[in-house]
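What follows is a short report on a single structure.
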Amino acid sequence: MSVPFIDLKAQYKTIKREVSEAIQRVLDSGQFILGPEVESLEQEIAGYCQTKFAVAVASGTDALELSLRSCGVGPGDEVITPAYGFIAAAEAIVTVGAVPVFVDIESATYTLDVSAIESKISTRTKAILPVHLYGHPCAMDPILAVAQRHSLRIIEDCAQAIGAMTGGRKVGGIGHIGCLSFYPTKNLGGYGDGGMVVTNDADIADQIRLLRGHGSRERYQHRMIGRNSRLDELQAAILRVKLRHLDSWNEARRNRALRYTQQFSKRPIPGLILPQELSGCRHVYHLYTLRTPQREAIQQRLAGLGVETQVAYPQPLTAQPALSPWIPKNCHWPSSEAICREVLSVPIYPELTAEQVDWVVETFFQALDKAG
Ligand SMILES: *Cc1c(COP(=O)(O)O)cnc(C)c1O
């Protein structure tokens, strides 16, 4: 039995008819950019994320960058963000001319360590950019409290976490702005690039609309320098089909995660750390990422037995050459630096079968026995 890391074709098979109809509808309409499908998707995503507004953009990275600009973050400003995860948030901060200030993560959830935030706040700090990594929500209440004390904006990176909840609230609408990605492998993935900004703030929604379309409200009248960051009708129509399935897909991910945890727990394995869901939180398992000190040996043996895994992420952001100009000397992020040496993500997607989950765990045990 082979188990790929992700299988987008398996999902497509289950919605082929609905997708074909949606694509045909767009082709027949002759309208391809920012039309009725995008408007409907915006309303549906706002409803889903429990926010007043949603504005579609070209990618999750653009959502982050335009969100920062809509809050007036620019040269001379600092933005607090986790030291571990995907580079997009830090990249967006640098792209608008601001300085990313890296804070360590909590090892239980791989999200921002709130206790480490306050010591990094300066007079130049403008915003906090927490990332709901792997699909687990950040500790939003304490983040909101710190932000309030220091009058900071909160921009949530929800690229891996659409549908995740904490304290009964969906991520994205808890801070001032939430950023979504529709990259094909995400929990709600299109068949191309796409992203969305969600917010309860009418002014921010308005700013994002201006920024994504060359700073223009009426044709050839430009109020500000914006750019082209639009979503197309084909993606929007496809995403509307997929949004109808998102809750059941996220539920399926949670079931697979539960089965992994049950199967892995059958044997006591020294050093093995499984993902957790903190109480009051709803994890949507974009990834099922465990930790093991024997990662390299295990990954290799799993690959030999047809089980594909990934290391997300092999180093902290603070060790990325591209970010070195923004990394203060003699600074350490102990959790991030330790975790990146042990993390291993095993396959998880709604179409993964129980037998495949059992096989992954079985081969993992075999690999461990061989690795000694
Ligand atoms: C995928 C991802 C992004 C970027 O989204 P794109 O749509 O690929 O630009 C940002 N942050 C995180 C955590 C991601 O996983």
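The values are calculated or read from the model by the stated rules, or taken from the named source; none is laboratory data. The structure presented is a predicted model; accordingly, all values stated were derived computationally and were not measured. Here Cβ is always computed from backbone atoms with ideal geometry, including for glycine, and neighbour counts include all displayed protein chains. Side chains included, ligands, DNA and RNA excluded: accessible areas come from the protein's heavy atoms. Shrake-Rupley method; radii C 1.70, N 1.55, O 1.52, S 1.80 Å.
Observations on the structure shown:
- Accessible surface, per residue, of the chain when the full set of protein chains is kept, probe 1.4 Å, Å²: 42 Å²
- Ligands, DNA and RNA aside, S107 has an accessible area near 60 Å² when probed at 1.4 Å.
- Charge tally for C340 (other residues, Cβ to Cβ under 14 Å; Lys, Arg +1; Asp, Glu -1): -1.
- FRET E, pair V311, S29, Förster distance 41 Å, beta-carbon r, rounded to 0.05: 0.40
- Surface share of carbon and sulfur [accessible, 1.4 angstrom probe, percent] for region 133-237: 47 percent
- Antiparallel DSSP beta bridges within region 80-173, as percent of all bridges there, nearest 5: 30 percent
- Share, in percent, of DSSP beta bridges within the chain that are antiparallel, nearest 5: 60 percent
- Cross-link reach list, lysines versus K170, counting only Cα pairs under 18 Å and skipping chain neighbours closer than eight places: K52, K186
- Under 5 Å from the amide H of V103 lie the amide H atoms of T81, A83, each residue being 5 or more positions distant or on a separate chain, with H modelled from the backbone and absent for Pro and chain starts.
- Counting 0.36 nm for each residue step from R341 to E18 and taking away their Cα separation leaves a gain of 112.0 nm.
- For region 1-36 versus region 283-339, the gap between their alpha-carbon centres in whole angstrom: 32 Å
- Linear extension gain, A108 paired with R149, 0.36 nm per residue minus alpha-carbon span: 12.2 nm
- Radius ratio Rg over Rh of region 246-371, counting only Cα atoms, Kirkwood formula for Rh: 1.01
- Lys, Arg +1 and Asp, Glu -1 on Cβ, resulting dipole of the chain about Cα centre, debye, nearest 20: 40 debye
- Electrostatic bookkeeping for Q207 treats Lys and Arg as +1 and Asp and Glu as -1; over the other residues with beta carbon under 12 Å from its beta carbon, the sum is +2.
- Top positive-direction residue, dipole computed over region 298-371 with Cβ charges, set A312, H332, V360: H332
- Within the accessible area of region 246-371 (1.4 Å probe), percent carbon and sulfur: 52 percent
- Ratio of Rg to Rh over the chain (Cα coordinates, Kirkwood Rh, two decimals): 0.98
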